[in-house]
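A.B. asks: Take a look at the following structure, please.
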Amino acid sequence: MKYYSYFPGCSSEATAKGLGLSVQAIAKPLDMELIELEDWTCCGSTPYGSLDEREAILVAARNLALAEKTGLDLVTPCSSCFVTLYGANLRLKQHAQLMGEVNEALAVINLEYHGEVRVRQLMEVLFGDITPEVIASKVNQPLNGLKVAPYYGCQMVRPDYGFDDPESPQSLDRIVESLGAEAVPYPLKNRCCGGSLIIPEEGLALGLIRKLLENAVENGAQCLTTPCPLCQMNLDAYQSKVNSKFKTNYNLPVLFTSQLIGIALGIDPISLGLNTNIVSPSQVLDYISKVKQEANSGT
Amino acid sequence: MKNFVEEVTATPGGENIRACIQCGICTGSCPVANEMEYPPREIIAMIRAGMRDEVLSSNSMWYCLSCYMCTVRCPRGVKPTEMAHALECLANQQGFRVKGTRTPAMYRSFVSSIKGNGRVHEFGMMFRYYLATNPLAALKMLPVGLKLFLRKRMPLIPKRVKGKEDLSKLIKKLGEIRGSQ
Amino acid sequence: MEPRIGVYICHCGSNIAGIVDVEEVARFAQELDSVVVARDYKFMCSEPGQELIKNDIRDLGINRVVVASCSPTMHEPTFRRACHEAGVNPYLFEMANIREHCSWVTEDKQEATEKAKALVSAAVRRVYYQQPLETREVPVNANTLVVGGGIAGIQAALKVADSEHKVYLVEKEPSIGGHMAQLDKTFPTLDCSACILTPKMTLVGSHPYIELMTYSQVEEVSGYIGNFKVRIRKKARYVDEDRCTGCGLCQTKCPWKVDSEFDAGIGKRKAIYTPFPQAVPNIPVIDKEHCAYFLKGTCRLCEKVCEAEAIDFEQEDKIVEVEVGSIILATGFNVFDPTPIYQYGYKRLDNVITSLEFERMVNSAGPTDGEIVLKDGSHPRSVAIIHCVGSRDEKYHEYCSRVCCMYSMKLAHLIKEHTEAEVYEFYIDIRSFGKGFEEFYNRVLNEGTIFIRGRPAEITNIAEKPEEEGKLIIQFEDTLIGRQRRLPVDMVILSCALEPQPDAETVARLFNISRSADGFFLERHPKLDPVATMTDGIFVAGCCQSPKDIPDTVAQASAAAAEALAMISKGKVEIEAATAVIDERICSGCQTCKLICPFGAISFDEEKEVCRVNEALCKGCGACVGGCPSDAISLNHFTNEQIVAQMEGMLV
């Protein structure tokens, strides 16, 4: 059993409900104990760091200080929370003066931080600690060659953390394959979906989302998978807007990678929050069961 | 602070801009380069030229998606993404009004939501954002918003956490520390 | 004779005097034991500076000298010479480094002055105990070894050999010629590379004073300046050099094709081959790893068709030992492999090629007979050339490779000459610094090549518009306009960096020379001694020292030859006297020192059962001194007494 301190991120209770549910659902079967960080607050994400960098680091540091008390690695499934917490941690460790200022403020709420926490992202934990081999061994509902486009997004692999190649990452492909699915070649797998600019610059972001969907379809994908809450929302919830703006008719389910893993582990759809996906994942589930039936009936 | 270059290099995130050789690989890699008033490489050139007002009132850095493609490809280790964040902070803290983008308003709603709840309440943030910018635009968002709501991805009531009080205290203390500097 | 010490504190302009209070240090020195005179002066290494020392030796009877100035590696020889000229043994001289060790490493004037005093005091105490020593002279072997048969090695070998002194030229490929033989035309004059190179190659091949060993490598080097012993392995060619007539029939008939290294992988050669038709020597080699006989025991077709009966499958490597007085390293460069730059698509996308591959393509003697073709055999209508691939990039090589701007423009000119294609040059800066270079840039501009200032972000085949379908699309910022643009082209040439050879570390270790941070061989001084290395008697020439073009390579090779010839002409060299001495009365013959010595300078006398130091080989490193369990070894000029005195002086 591997123990981790768990930082869900604000969206995992709201727009990324499916992520929040499925991560919890797959933890035990994969021998992970994800202990939710008690009384965690928002990491701040890009917006806070773009308005007041010193306040932003402080807000992030509160969570780091809480995590340090647990003595465990701090794992988050959200790419943005990861970039923010990892970046704040690095900056604090490199600048003693900043660490001093942050601790001066943290003292007011009886906390302090010494730079001992290791911030990690869930995909890196699944790839590095759990490993695709072990995941494969726990699969009891192989995905039967389902063609999946593995969409990394930006902040899972950039800036370069030394985990996966920023230009041509492979970790998600390996995880998809470990589930018995086929990871289709997907050249735009690490390109931007528009991120939070979907709100203030919708037209711009829809153009980027469209490119991603087109590239997935061109390469034969039946669905997309992604770990990032914002990417999933953009590709999933805004797919209909892409269709109306560009007169296309994409109908690609976008599953959180934790949801895809959950299906392969045989967990029921409700526990994985598959009913929260906007573009219905039923085509994916139907495909898997159809192939299973054909295999069973010996055709 | 003798000049604008020094001001930027003294801001967290802007430290490495002196190494820039103006090769343009950052702009070449940027998914939104042509939307910005001035692309990243040009912003650095303008910083060197001391064009403080033009840079801080431009909409350039607010378009940054934080995709980090520029950072990964820059041959000199400049980190343009972090520079964009530094410029956004300078612009915000010094009260520059930006035309041609609503991103600052969205970021401000986001941060208000954090301060008010301890965590981001997405519905509340959107509500505040549209109220501040363009209430009618909220109607266009309705189809997506409704779908998300029906799939239980848009709770209307925020979850307030105890940590909210902590955040208020922290921010207040930081204000005192800053005041004394 | 009672020591009478003269101390001289150098200002070195403001280098020292700007931080250290030199007058104060001189005053301090004057008060030290046995110091007769202490002076300070602006530039001790200058003529008047040295005169100060010589005058004091003559007029004040100074018999030991301390100069507090720069590093001994700068001017120890200068001041030792001055002492010698005035009649004082050069080993009764000591330098205190109050520049690199003092004024250049702090801004604190008081701290610097105190340290300078300590350093001077240490030097004064040490020089008191120093002993006069005599340098030995050893004869210089008049042979020269040149390692590497590219244009640098060829030039150096010819220059030395023309003086009627023997040169051994060792080249690891089957033929000399190096990278220059692969080029088509050379900038800025557009000379045909082979046309200007092959005459020199022929001269080398037939020169009475050059012993050419191709398909050979140096395996071991021992000795010292003027007296090197080198062991060379001549790899088996499996062709008898004395019988082969160079008719080429074996190559024509051999059925086994292999990717040609000479053609940068875009052409083929046979398992028995000469790299190119003008090879010197024109004797093929059999590539064991691809020959059917060696792999499976079959074929032997070459043997059957060879009229001279020159094929010899039983041939073995030959070891040759030579003795030379100096060595010139001219091992050249390697071309950067752009595969790690994923976003440029090399080896991933068709029609993205390196500059060297393109040179072979555009060369009329190359695998495509000089036709510029795409993978599908058609001609490109648009070609982009991208500068600085692997250069000026902290992820690969921080340095600029110096020649790429010029060769890129040359390639543009050649494309315009051979085709109707549109040519685009993507640059960051244009470095056209040499003679005729700017004029060449002007010419290329006027021929219609389009120069775009912007380092491309990526090369992709994912089209966004109809006109991009089926093309390679370059995404970049046109920085002079300030917009991101996409340009579809048919072919992309990557102007790759010049980097050190992959075995540079091994070679450096073999010859006991250093490398700079970028991996190239280190010259003794970047401005004033660019072909010597820190190892006496070993010189460097050409791109193995740093990227450069052919004119600079030839100049540097001639310079290295001149250095070798200067040694040969003088006929003798002085050997440093600071060597180890074993006291045979104390030595117990345990041979620990022999094991420790990195230079093989210690031998064991079986009869007397003691160890002995070969002064010529000894480099005075002191390892044996520290290692001897009986304290039987002392180091001339670094005795315990001298060092302890120095330490005591430091702690003043």
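Only the coordinates and a few stated rules stand behind these numbers; no lab work does. What you see is a predicted model; the values in this text were computed from it and never measured. We place every Cβ from the backbone using ideal geometry, glycine too, and count neighbours over all the protein chains shown.
A.B. asks: Please tell me the relative contact order of chain A in percent, rounded to the nearest whole number, where contacts are Cα pairs under 8 Å and at least six residues apart. Write out the running numbers ahead of the final one.
C.D. replies: Numbers: 494 pairs, mean separation 60.4, N = 299.
For chain A, the relative contact order is 20 percent.
A.B. asks: Let me ask another. Under unit Cβ charges (Lys, Arg +1; Asp, Glu -1), what dipole magnitude, rounded to 20 debye, does region A:2-122 have relative to its Cα centre?
C.D. replies: In debye, rounded to 20, region A:2-122 gives about 360.
A.B. asks: Moving to a separate point now. Just from its helices, what would the mean residue ellipticity at 222 nm be for chain B, if runs of 4 or more DSSP H residues each count -39500 (n - 2.57) and the sum is divided by every residue, rounded to the nearest 500 deg cm²/dmol?
C.D. replies: Working: 10 runs with 102 residues, N = 181.
Calculated mean residue ellipticity at 222 nm is -16500 deg cm²/dmol.
A.B. asks: Follow-up. Which order do C:D242, A:D52 fall in if you start with the one that has the fewest other Cβ atoms within 10 Å? Write out the running numbers ahead of the final one.
C.D. replies: Details: C:D242 7, A:D52 19.
So the residues, fewest neighbours to most, are C:D242, A:D52.
A.B. asks: Provide a whole-number value for the mean count of partner chain Cβ atoms within 10 Å of the Cβ atoms in peptide C:384-397.
C.D. replies: Values: counts 0, 0, 0, 1, 3, 0, 0, 1, 4, 7, 5, 6, 1, 1.
What the average comes to for C:384-397 is 2.
A.B. asks: Could you give the dipole magnitude of chain B about its Cα centre, charging the beta-carbon of Lys and Arg +1 and that of Asp and Glu -1, in debye to the nearest 20?
C.D. replies: Values: 28 positive and 14 negative charges, 201 e Å.
Here chain B has a charge dipole of around 960 debye.
A.B. asks: Express the relative contact order of region B:103-180 as a whole percentage, based on alpha carbon pairs under 8 Å and six or more residues apart in sequence. Write out the running numbers ahead of the final one.
C.D. replies: Numbers: 56 pairs, mean separation 28.2, N = 78.
In percent, rounded to a whole number, it is 36.
A.B. asks: Return the subset of C:K54/C:K229; A:K241/B:K79; C:K172/C:K270 for which the Cα-Cα distance in this structure is over 30 Å, preserving the input order. It would help to have the intermediate numbers written out before the result.
C.D. replies: Numbers: C:K54/C:K229 41 Å; A:K241/B:K79 33 Å; C:K172/C:K270 19 Å.
Listed pairs above 30 Å: C:K54/C:K229; A:K241/B:K79.
A.B. asks: With the crude spin-label approximation of a point 7 Å out along Cα→Cβ, what separation in nm comes out for C:K253 versus A:L30?
C.D. replies: Label at C:K253, label at A:L30, 6.5 nm between them.
A.B. asks: Continuing with this model, one more query. Between the alpha-carbon centers of region C:293-367 and region C:133-197, tell me the distance in whole angstrom.
C.D. replies: Measuring centre to centre over Cα atoms gives 20 Å.
A.B. asks: Ok, one more. For n ≥ 4 DSSP H runs only, could you compute -39500 (n - 2.57) per run for chain A, divide by its residues and tell me the 222 nm figure to the nearest 500? It would help to have the intermediate numbers written out before the result.
C.D. replies: Values: 12 runs with 133 residues, N = 299.
Per the formula, -13500 deg cm²/dmol.
A.B. asks: Once Lys and Arg get +1 and Asp and Glu get -1 on their Cβ, which of A:N234, B:L150, B:T103 lies farthest toward the positive end of the dipole of the protein assembly as shown?
C.D. replies: Checking the options against the dipole of the protein assembly as shown, the answer is B:L150.
A.B. asks: Please work out how much length the chain gains when fully extended from C:I481 to C:V373, using 0.36 nm per residue of separation minus the C-alpha to C-alpha distance, in nm with one decimal.
C.D. replies: Details: separation 108, 0.36 × 108 = 38.88 nm, distance 3.21 nm.
Going from the current span to full extension adds 35.7 nm.
A.B. asks: For B:K159, list the aspartates and glutamates whose Cα falls under 12 Å from its own Cα; do not include residues on the same chain fewer than 8 positions away.
C.D. replies: Straight-line reach from B:K159, under 12 Å: A:E13, A:D39, B:E122.
A.B. asks: In addition: Given charges of +1 on the Cβ of Lys and Arg and -1 on the Cβ of Asp and Glu, with all other atoms neutral, how large is the dipole of the protein assembly as shown about its Cα centre, in debye to the nearest 20?
C.D. replies: Working: 121 positive and 142 negative charges, 860 e Å.
The dipole of the protein assembly as shown has a size of about 4140 debye.
A.B. asks: Could you grab the relative contact order for region B:4-93? Cα pairs under 8 Å, six or more apart, rounded to a whole percent.
C.D. replies: Numbers: 116 pairs, mean separation 36.1, N = 90.
The value is 40 percent.
A.B. asks: From a point 7 Å beyond the Cα of B:K172 in the direction of its Cβ, which residues of region A:99-139 have a backbone N at a distance under 13 Å?
C.D. replies: Residues A:108-109 qualify, since their backbone N sits under 13 Å from the label point.
A.B. asks: Across peptide C:476-489, what mean number of C-beta atoms from other chains lies inside 10 Å of a residue's C-beta? Working shown, then result.
C.D. replies: Numbers: counts 6, 15, 3, 10, 1, 0, 9, 5, 12, 4, 1, 0, 0, 0.
Mean shielding by partner chains, rounded to a whole number: 5.
A.B. asks: Follow-up. Going highest first, how would you order C:29-42, C:371-384 by mean Cβ packing within 10 Å?
C.D. replies: Working: C:29-42: 17.6, C:371-384: 15.4.
So the order, starting with the most tightly packed, is C:29-42, C:371-384.
A.B. asks: Could you please report the charge total around C:I538, scoring K, R as +1 and D, E as -1 over all other residues with beta-carbon less than 12 angstrom from its beta-carbon?
C.D. replies: Values: positive: C:R524; negative: C:E523, C:D536, C:E563.
Combined, the nearby Lys, Arg, Asp and Glu give -2.
A.B. asks: Between beta-carbons, use under 14 Å as the cut-off and find the net charge around B:L131, counting Lys and Arg +1, Asp and Glu -1.
C.D. replies: Values: positive: B:R102, B:R108, B:R128; negative: none.
In short, +3.
A.B. asks: I want the local charge near A:K147. Using Cβ-Cβ distances under 15 Å, sum +1 for each Lys or Arg and -1 for each Asp or Glu among the other residues. Write out the running numbers ahead of the final one.
C.D. replies: Values: positive: A:K189, A:K290; negative: A:D173, A:E177, A:E182, A:E218, A:D286.
Overall, the nearby charge balance is -3.
A.B. asks: Show me C:428-441, B:40-53 ranked by packing, highest mean number of other Cβ atoms within 10 Å first.
C.D. replies: Numbers: C:428-441: 15.6, B:40-53: 19.2.
Final packing ranking: B:40-53, C:428-441.
A.B. asks: Sort A:C223, C:C388 so the one with the fewest other Cβ atoms within 10 Å of its own Cβ comes first. Could you put the intermediate results ahead of the total?
C.D. replies: On the way: A:C223 22, C:C388 28.
The most exposed by this proxy come first: A:C223, C:C388.
A.B. asks: Let me know the mean shielding of C:454-467 by other chains, meaning the per-residue number of their Cβ atoms within 10 Å of its Cβ.
C.D. replies: Numbers: counts 7, 13, 6, 12, 6, 0, 2, 1, 7, 0, 2, 0, 0, 0.
Per-residue shielding by partner chains comes out at 4.
A.B. asks: Exceeding 31 Å between C-alpha atoms, which entries from my cross-link table qualify? They are C:K347/C:K435; A:K245/B:K164; C:K200/C:K548; B:K99/B:K169; C:K159/C:K185.
C.D. replies: The pairs that break the limit, which is 31 Å between Cα atoms, are C:K347/C:K435; A:K245/B:K164; B:K99/B:K169.
A.B. asks: So how tilted is helix B:103-117 from the main axis of chain B? Cα-based, degrees 0 to 90, rounded to 10.
C.D. replies: Tilt relative to chain B: about 50 degrees.
A.B. asks: Follow-up question, since we're still on this one. Among the aspartates and glutamates, which have Cα under 20 Å from the Cα of A:K2 when same-chain residues fewer than 8 positions away are ignored?
C.D. replies: Straight-distance partners of A:K2: A:D31, A:E33, A:E36, A:E38, A:E68, A:D73, A:E116, A:E124, A:D129, A:E133.
A.B. asks: Tell me the label-point distance for the pair C:E420, B:L150, using the 7 Å Cα-to-Cβ offset, in nm and rounded to one decimal.
C.D. replies: Spacing of the two 7 Å Cα→Cβ label points: 6.0 nm.
A.B. asks: Name the helices (complete DSSP H segments) of chain C with a Cα length along the long axis of 24 Å or more and a Kyte-Doolittle mean of at least -0.5, or state none. All intermediate terms of the calculation are to be shown ahead of the outcome.
C.D. replies: Working: long enough: C:109-129 (31 Å, -0.47); C:550-570 (30 Å, 0.71).
Those that pass (Cα extent of 24 Å or more, hydropathy at least -0.5) are C:109-129, C:550-570.
A.B. asks: Next up: For chain C, what is the calculated [θ] at 222 nm in deg cm²/dmol (nearest 500), taking -39500 (n - 2.57) for each run of four or more DSSP H residues and dividing by its residue count?
C.D. replies: Values: 17 runs with 181 residues, N = 652.
Rounded to the nearest 500, the figure is -8500 deg cm²/dmol.
A.B. asks: Using Cα positions and a limit of under 19 Å, work out the lysines in reach of B:K152, with same-chain residues fewer than 8 apart set aside.
C.D. replies: Once the sequence-local lysines are set aside, what remains near B:K152 is A:K17.
A.B. asks: Fewest to most neighbouring Cβ within 10 Å: what's the order for C:R392, C:R231, A:R210? Write out the running numbers ahead of the final one.
C.D. replies: Details: C:R392 22, C:R231 13, A:R210 19.
Lowest to highest Cβ neighbour count: C:R231, A:R210, C:R392.
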